Amino acid sequence: MLEQEGFVYKESGLGTNVLSNLTLLDDEPLVIEHTYMPVSQVPALSKRILEGSIYSYLHKKLHIKFGGVFRRIKADLPDKYDRQYLGANESTPILEIEQIVWTNSGVNLEYSRSRNLYSNRSYIMVETSH
C-alpha cells in the first residue's frame, strides 16, 4: 500500500510554498521529494488539499492548465538524507528527478526535486507525432 509519511508544508519567506514529503510503500521508504510553488499561484493551500491531490486542486479548483514541463533525470551518490531515510549506503546509486512545470500562460508553477534508490523507480518515455 502506498502512503505518505512525514508530509511537511510551509510558506517560505520568499513567497513560495515548500512541500516536502517522504513516501512509503509497504512501510519501506520509497522517495524523498521537495516541491516549491509560488504562493500567488496556489492560494489557500491547506492540509486537506495536500492529503488529497494537489494536481486535482490545481486543475479542477483553480482551473490551471499545464503548458509544459522540463525534467532532468540523473544518477547521483547518496547524501545524508538518502542514507538516513532511504537506507542507502555510501555507494548506493540514487535516481534524482528535477522538474520545472509551467502553465499554458508561461508562468512557472512548480520546481521539484525527488530522490530515490536506483531500484525503486524507472521512467518510460514514448514520443508520438501528430
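The values are calculated or read from the model by the stated rules, or taken from the named source; none is laboratory data. Small disclaimer: the values here were computed from a predicted structure and weren't measured. Because the Cβ atoms are built from the backbone with ideal geometry, glycine has one as well, and the counts that use them run over all protein chains shown.
Only strands (runs of 3 or more DSSP E) wholly contained in the range 41-127 count here; list those with 3 or more residues that are crowded, with 16+ Cβ neighbours inside 10 Å.
By residue number, 94-103, 108-117.
Does Lys61 satisfy the condition of being within 26 Å of Tyr118 (Cβ to Cβ) and of a type in the set (Lys, Arg)?
Taking the combined requirement at face value, the residue does not satisfy it.
Which ones in the range 9-26 are within 22 Å of Tyr85 (Cβ to Cβ) and either in a strand (DSSP E or B) or at pLDDT below 75 (or both)?
Within the range 9-26, Tyr9, Lys10, Ser12, Asn17, Val18, Leu19, Ser20, Asn21, Leu22, Thr23, Leu24, Leu25 meet the criteria.
In this structure, does Glu33 turn out to be closer than 24 Å to Phe66 by Cβ, at pLDDT 75 or above and of a type in the set (Asp, Glu)?
Against the criterion (closer than 24 Å to Phe66 by Cβ, at pLDDT 75 or above and of a type in the set (Asp, Glu)), Glu33 qualifies.
Can you confirm whether Ser105 is of a type in the set (Gly, Ala, Ser) and touching a residue at least 40 places away in the same chain (Cβ under 8 Å)?
The answer is no for Ser105.
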